[in-house]
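Below is one structure; the comments refer to it alone.
Every read-out reported here was derived from the displayed coordinates using simple, explicitly stated rules and does not represent laboratory data. Small disclaimer: the values here were computed from a predicted structure and weren't measured. Cβ atoms come from the backbone with ideal geometry, glycine included; neighbour counts cover every protein chain shown.
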Amino acid sequence: MKETMRKHPVVSMLAPHLALEDCIVEGYHIRKGTRVFINTWSIGRDPLLWDAPEVFSPERFVCNKGIDVKGQSFELLPFGSGRRMCPGYGLGLKMILCFNYP
C-alpha cells in the first residue's frame, strides 16, 4: 500500500504552508511570509530519495520500516503532516485494508 501511495499520490500538491520565520531548507533560503508548496508527486519520483523510483516495487518498504504514511517521513506524505494532515487518513487506510477485492 505504501508503494502505491508513493508512486500514485491522491493529491500531487499538499495544501500550501506559510513560513513563519526566515529559514533554510536543503540549502534554500525561505523568507518569512513565503508560501511553500510541497509536491508529493515529485518527491515520490526523486532518484535521490528512492532507488529506481520509476519501478513499482512494494518490497522497498519491507526493509525500510522507518517510513510511515503519518507525515513523520518527508519521503512519503500521502496525507500531509502536522496540524494540517488529512483528518480522514485513518479511515482511508482502514477502508483499503478491509475492502474485499473480487
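Overview of results
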{"item": "Sequence-distant residues sharing a close amide H with Ile30 (under 5 Å, placed H)", "result": "Cys23, Ile24, Val25"}
{"item": "Residues in the stretch 75-97 reached by a label modelled at Leu20 [backbone nitrogen below 14 Å; 7 Å Cα→Cβ]", "result": "82-84"}
{"item": "Mean ellipticity per residue at 222 nm, deg cm²/dmol - from DSSP H runs of n ≥ 4 across the chain, formula -39500 (n - 2.57)", "result": "-5500 deg cm²/dmol"}
{"item": "Sequence-distant residues sharing a close amide H with Val36 (under 5 Å, placed H)", "result": "His17, Leu18, Ala19"}
{"item": "Dipole-positive endmost among Gly88, Pro9, Tyr28 within the chain (Cβ charges, Cα centre)", "result": "Gly88"}
{"item": "Charged-residue dipole, Cβ positions (Lys, Arg, Asp, Glu), the chain about Cα centre, Debye nearest 20", "result": "380"}
{"item": "The stretch 13-25 - phi-based ³J(HN,Hα) in whole Hz, Karplus 6.51/-1.76/1.60, Gly and Pro as x", "result": "10, 6, 4, x, 10, 10, 5, 7, 7, 4, 7, 10, 10"}
{"item": "Lysine pair count for the chain [Cα-Cα under 27 Å; pairs on different chains or 8 or more apart]", "result": "9"}
{"item": "Using alpha-carbon coordinates, inclination of helix 89-98 to the longest axis of the chain, degrees", "result": "20"}
